[in-house]
Amino acid sequence: MLNNVRKRVVDLALPAGISLALLAGWEAAVREGGVRSIILPSPSLIIATVIERRDLLLTHLWPSLYLTILGFALSVVGGILVAVLITYSSFLRRGFYPIIVVSQVIPKISIAPLFIVWFGTGMMSSLLLAFLIAFFPMTINSALGFQSIDEDIHRMARTFMGSHWQIFWKVRMPHALPYIFSGMKISITLAIIGVIVSEFVASQEGIGYLIKLAGGLLDTPLMMAAITVLSISGLFLYGLIVLAERRSVYWQSSSDISGSSGG
Amino acid sequence: MTEGASNRPDPPSPVLHIKDVRKLYGELEAIRNVSLDVAANEFVSILGPSGCGKSTLLMMVAGLIEKSAGGISINNTPVTGPRPEIGVVFQQPVLLPWRTVLDNVLFPIELLRLPRAKYRQRAMELLAMAKIDDFAGHLPRQLSGGMQQRASICRALIHDPTILLMDEPFSALDAITRDEMGVELLRIWQANRKTVIFVTHSIREAAFLSDRVLVMGRRPATIMKELAIELARPRDIAIMESEGFNGYVRQLRQAIEASHAQ
């Protein structure tokens, strides 16, 4: 038990320590090495910029976050729905699933300019790009989850007269949950990328727009501040999903219990 | 305690009636003309080499696999699909990892839409009988393989089925646990009389547990020999040392060898 605690402390302290060391090295290099802040601002300057220009940053952060979360939510709902359809319809599974898998090859951000043409420079393009990018891993992971149940478990449920509906809710759904969460963890990062890229291409607001604008003005500290704020938000959203995962997928916690036998 | 009614040459009204059952997979004949009557509370083993089609026969009785020809009926009603009078124990425990042991045992009750509260007491009694009631609130992964299989036996018994089908239930366990589980199974069966169809590839296991052993040959599987095991019950592990027991084992082994020679 004590050993476990110690292991966890080390697991947390080690990367945190290395990050701090890197930041300190960066700070020292910029200060002592005389690097100009237009090339590489020091961490302290970035933090100062974040605090100083927080109103500007927040104004642009909100629409990006809003679109990210909305696009992500749509991709989760849509992805799970499509996965269910694929699971239960052999026509869809055999006809559409290969297309979905193959279409993964298309670098979807390359479609961003096309979306601008179709849906204009507003929020719609950003939302749809976020949804599109996040949708595929959601679908593929959920479908894998729904379909990978053990044949024996399926048989067991059938011998006890389980209906399709019962088997879906009591067996397939909980079984798929860990897969759905891995899909969500991939999708949330992709949704952010979708929104930012779309804002790069054409937009009048959003953190992607701000980064591009600051770049044009050679305001590197503002760029870095925007990137920092964006990263922290992304980390926060990812963390929320991990928390939800730990609560929902309680039976798969990694703490090893003695006497577990291989099956 | 000894109940002599273990084997009757012609049971009055069989609980399970199998008549000339065949199973074809395309061109391949997996099971050829198997007929079998099992009386109430009888413990019958089907013994045969791995992959001989004995599990297929069991799954046809469970209503999970369709037969190609012949008839299977339970309590005089033809089997057309899964039935509530049947409880199945599979080779693997197949417990749902997100449910506690107790909730796993109550799983059939939920599927059958029976009142859960009413069966909770019974579930606890079954778990106590299987000596795993202390683990009722644990998740399956916290249990050993043998304990998981005990839980799955409790699950198969929860809705009080007339027939218990067991598909090589102990073959995934180590030899020592396996012998223990045989003794435990007999103890549970003694207290909770059911008609049991037990599929196994272990000669000693079949002889130890059963009232009657049917030897199945390789594909196409058919019943090669039928042997009544007239050892007194309740049986314990010491019986495996007895001359009588070893005589039965010898006879069964010879039957299997004969089927291989064909």
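We did not get these values from a lab; they are worked out from the coordinates using the rules stated. Here the structure is a predicted model, which means the values were calculated and not measured. Heads up, the Cβs are rebuilt from the backbone with ideal geometry, glycines too, and the neighbour counts pull from every protein chain shown.
For this structure, a couple of remarks:
- Net lengthening on full extension, residue A:121/residue A:88 (0.36 nm per residue, minus Cα-Cα): 8.1 nm
- Taking the alpha carbon gyration tensor of region A:45-250, multiplying each eigenvalue by 5 and rooting it gives semi-axes of 39, 20, 11 Å, largest first.
- Counting other Cβ atoms within 10 Å as a rough exposure proxy, the listed residues B:242, B:171 run B:242, B:171 from fewest neighbours to most.
- Pairs of lysine residues in the protein assembly as shown that meet both criteria, 8 or more places apart or on different chains and Cα atoms under 23 Å apart, total 17.
- In this calculation the C-beta distance from residue B:13 to residue A:66 is compared with R0 = 51 Å, giving a FRET efficiency of 0.10.
- If the chain linking residue B:243 and residue B:73 were pulled fully straight, counting 0.36 nm for each residue of separation and taking away their Cα-Cα distance, it would gain 57.4 nm.
- Between region B:22-84 and region A:166-233, the Cα center-to-center distance that results, in Å: 56 Å
- Rel. contact order, % - alpha carbon contacts under 8 angstrom, at least six apart, chain A: 26 percent
- Taking amide H atoms as placed 1.01 Å from N in the peptide plane, the amide H of residue B:69 lies under 5 Å from those of B:22, each 5 or more residues away in sequence or on another chain.
- Chain B, relative contact order in percent, only Cα pairs under 8 angstrom and at least six apart counted: 26 percent
- Computed E for residue B:175/residue A:54 - FRET, C-beta separation, R0 56 angstrom, nearest 0.05: 0.20
- Order of B:200, A:228 - criterion: other Cβ atoms within 10 Å of each residue's Cβ, fewest first: A:228, B:200
- Taking all Cα pairs closer than 8 Å and separated by 6 or more residues, the relative contact order of region B:94-160 comes to 48 percent.
- Of the Cα atoms belonging to region B:94-160, the radius of gyration and Dmax stand at 10.5, 30 Å.
- For the protein assembly as shown, the fraction of C-alpha pairs farther apart than 32 angstrom is 58 percent.
- Paramagnetic reach from residue B:37 (point 7 Å along Cα→Cβ, amide N under 19 Å) across region B:201-233: B:211-215, B:223-229
- For chain B, DSSP calls about 50 percent of its internal beta bridges antiparallel.
- Coordinate range of the alpha-carbon atoms in region A:4-58 per principal axis, descending: 45, 32, 12 Å.
- Taking other C-beta atoms within 10 angstrom as a stand-in for reagent exposure, B:60, B:224 fall in the order B:224, B:60, fewest first.
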